[in-house]
Amino acid sequence: MKKRLLFLGPPGAGKGTQAQKLAGEHGLLHLSTGDLLRAEVSAGTALGQEAEAVMARGELVSDALVLAIVRGRLEQQQTAGGGGWLLDGFPRNVSQADALAALLEELNQQIELVVLMELDDAVLIQRLLGRGRADDNETVIRNRLQVYRDQTAPLISYYRAAGLLQSVEADGSVEAIAARIEALLA
Ligand code: ADP
């Protein structure tokens with residue numbers, strides 16, 4: 001089974017929900033940069049203070065900051081004996097993807113599968129508006145979708161060119177979508 005995975009897709013596509021479920025079922029480390037950043041904000045750390053305003057606008061926090069978080073977690077996991085992981089919300093632009101490739105080379109690990117979750121904008125916006133997180137008001141949502149198109153969507157061709165990309169339709173029940181993703185892991 002593939003166990004070094006990356007989830008790609010627009011905000012609201014359900015990456016977090018599926019990533020958590022899959023990681024729980026297969027004993028993978030679920031690494032969500034959004035969750036980790038929100039934890040830093042709640043804890044009021046220096047890092048959280050730096051990230052808070054940027055996140056509230058729907059922009060991306062600095063690559064260096066996010067990369068430090070990811071590096072720490074992946075190194076820690078390797079020291080603890082390795083195992084699979086599922087990256088959710090990272091990388092979010094080409095420079096993060098290049099940095100990830102360099103980090104994985106250092107760790108002697110490889111991405112085995114990139115899952116692209118696809119969903120129409122209208123559905124995304126409805127889902128995000130229903131969620132009610134601090135950065136889920138309509139103006140910020142539109143900005144996050146634009147940031148996704150401009151900065152993150154180029155990763156689709158990046159990983160397709162590497163032969164790693166598979167897409168799933170991200171509509172339907174949580175269970176139905178999970179089954180589509182499971183089918184790609186064999
Ligand atoms: P969503 O998937 O709904 O867009 P996330 O929880 O993944 O939400 O991210 C929320 C916010 O955290 C982003 O809008 C951004 O400000 C910040 N963030 C998360 N991951 C990254 C990343 N890899 N690089 C830069 N900023 C990030």
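The values are calculated or read from the model by the stated rules, or taken from the named source; none is laboratory data. Model, not experiment: these values are computed from the prediction. Cβ placement follows ideal geometry from the backbone for every residue including glycine, while neighbour counts extend to all protein chains displayed. With ligands, DNA and RNA removed, areas are computed over all heavy atoms of the protein, side chains included. Shrake-Rupley method; radii C 1.70, N 1.55, O 1.52, S 1.80 Å.
A few remarks follow.
- In summary, the aspartates and glutamates within cross-link reach of Lys3, defined as a Cα separation below 20 angstrom excluding same-chain residues under 8 places away, comprise Glu25, Glu75, Asp88, Glu105, Glu106, Glu112, Glu175, Glu182.
- Among Arg133, Arg144, Arg73, the order of accessible area from largest down is Arg73, Arg133, Arg144, computed with a 1.4 Å probe on protein heavy atoms.
- Among Leu60, Ile141, Ala102 - extreme Cα towards positive end, dipole of the range 4-185, charges at beta-carbon: Ile141
- Surface accessible to a 1.4 Å probe, Thr79 within the full protein complex, Å²: 120
- Accessible area (Å², per residue) of the chain, counting only protein heavy atoms and a probe of 1.4 Å: 48
- With all protein chains modelled, accessible area of Asp35 [1.4 Å, Å²]: 80
- For Leu29, distant residues with modelled amide H under 5 Å away: Gly84, Trp85, Leu86
- With an a/c value of 1.5 or above and a/b larger than b/c for the gyration tensor axes a ≥ b ≥ c computed over the alpha-carbon atoms, the range 3-76 is described as prolate.
- Fraction of accessible area attributable to carbon and sulfur, the chain (%, probe 1.4 Å): 50
- With DNA, RNA and ligands ignored, accessible area of Ser32 (1.4 Å probe; Å², nearest 10): 10
- Rounded to the nearest angstrom and listed largest first, the equivalent-ellipsoid semi-axes of the chain from its Cα gyration tensor are 23, 21, 16.
- Largest accessible area first, the residues Lys15, Lys3, Lys21 order themselves as Lys3, Lys21, Lys15 under a 1.4 Å probe with ligands, DNA and RNA left out.
- Segment Glu175..Leu103, full-extension length gain: 22.6 nm, with 0.36 nm per residue of separation and the alpha-carbon distance subtracted.
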